[in-house]
Amino acid sequence: MSEYDQKQKFEEEQKRITETISKIKHRIAVFSGKGGVGKTTVSVNLTYAFQVEEFSTGILDADITGPNVPKMLNVNSELIYLDERIIPFEKYGAKMISMASLIKHGQPIIWRGPMRSKVINQFLADVDWGELDFLIADLPPGTGDEILTIAQEMKPDYAVIVTTPQEVSVIDAERAINMARKLKIPSIGIVENMSGFVCPHCNAIVDIFGSGGGEKLAADYDVQFLGSIPIDIDTRILSDKGKPIILEKPNCEVSKAFKSISELISIHYEHAFVLT
Ligand SMILES: Nc1ncnc2c1ncn2[C@@H]1O[C@H](COP(=O)(O)OP(=O)(O)O)[C@@H](O)[C@H]1O
Ligand SMILES: [Mg+2]
């Protein structure tokens, strides 16, 4: 392809991305410094916390090398293309797209940053998201190419940073806050996940990873603290079965925590809207 053709292709893609995001009211990036802290769990449950409130929602799995969203939603099908457009999956009333639907189960994706960014661009340029109230991007851990691309192309208006209470996670979450600031994501909120465990036998609260680290971090950096989510066996079991806890057990503690987080984000948007 000539340089001219390449430039034209790039410009056309940028135009399609602009068109996609112009139809999505709010775009949220969920990320963290560390892996395994619950980003995908938060992304999925937040998506349905909005969805049950009658908002139209979508979830974009921006973890290209470790895509877990389809597993947590029990989606096994392959993507459908229509006139060069990709039709997102619809699961439990929300739209979803993931790299996992493009590869065979268990197959590794050994791609450098630019390739991963290319896929994210395609997820924005060529997927028929339609009109949405919320699009939530579930990111891989760290401050790599994926978050850079999401920030540049999807232009999130809110960064949800997930941490667990222990220090190694909080230190990495600090990096994530600074990254969100550098990337000029206008609003930042912290979720403390795996915050305490209620013993099913004696009901005592055991702080396996400690507690309060996320709230302190939010205060230190003057960002919104969105809430704490306890360690909960059903959350893990249901997520392995592809069923978000917020839909299966809407009145449990974890679901209540997710609802409160989504409400805080909605209230934040209302205020931001009034002020602008
Ligand atoms: N609050 C929680 N209670 C129990 N298990 C959880 C909780 N949050 C996440 N998990 C489990 O921990 C594992 C890692 O979570 P995941 O959302 O995949 O993290 P990440 O996307 O940050 O790598 C998953 O098996 C998930 O079900
Ligand atoms: Mg994940």
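Summary of values
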{"quantity": "Placed amide H near K95: partners under 5 Å, 5+ positions off or other chain", "calculated": "T57, G58, I59"}
{"quantity": "Ascending count of other beta-carbon atoms within 10 Å, so fewest first, for F31, F10", "calculated": "F10, F31"}
{"quantity": "Entries of K91/K241; K7/K118; K216/K241; K71/K249; K23/K91 with Cα pairs more than 25 Å apart", "calculated": "K216/K241"}
{"quantity": "HN-Hα J in Hz across region 88-97 - Karplus 6.51, -1.76, 1.60, θ = phi - 60°, x for Gly and Pro", "calculated": "x, 5, 10, 9, 6, x, 10, 8, 8, 9"}
{"quantity": "5 angstrom amide H check on S195, placed H, neighbours 5+ away", "calculated": "I229, I231"}
{"quantity": "Per-residue ³J(HN,Hα) for region 7-16, Karplus 6.51 cos²θ - 1.76 cosθ + 1.60, θ = phi - 60°, Hz, x for Gly and Pro", "calculated": "5, 5, 4, 4, 5, 5, 5, 4, 5, 5"}
{"quantity": "Projected area, mean over directions - region 1-55, Cα convex hull, nm²", "calculated": "6.2"}
{"quantity": "Region 44-118-region 130-199 distance, computed between alpha-carbon centres (Å)", "calculated": "18"}
{"quantity": "Dimensionless Rg/Rh of the chain - Kirkwood Rh, Rg from C-alpha atoms", "calculated": "0.96"}
{"quantity": "Extension gain, A204 back to K184 (0.36 nm per residue minus Cα-Cα distance, nm)", "calculated": "3.0 nm"}
{"quantity": "Listed residue (L226, F89, S255) projecting farthest to the positive dipole end of the chain, Cβ model", "calculated": "F89"}
{"quantity": "Residue exposure sequence - S22, S43 - by fewest surrounding Cβ within 10 Å", "calculated": "S22, S43"}
{"quantity": "Counting DSSP beta bridges with both ends in the chain, the antiparallel % (nearest 5)", "calculated": "20"}
{"quantity": "Fewest-first ranking of I97, I267, using other Cβ atoms within 10 Å as the exposure measure", "calculated": "I267, I97"}
{"quantity": "Fully extended contour minus Cα-Cα distance, from N251 to E174, at 0.36 nm per residue", "calculated": "24.5 nm"}
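Values in this text are rule-based calculations from the coordinates and carry no lab data. What you are looking at is a predicted structure, and each value in this text was computed from that prediction instead of being measured. Don't worry about glycine lacking a Cβ; one is built from the backbone with ideal geometry, like all the others, and counts go over all protein chains shown.
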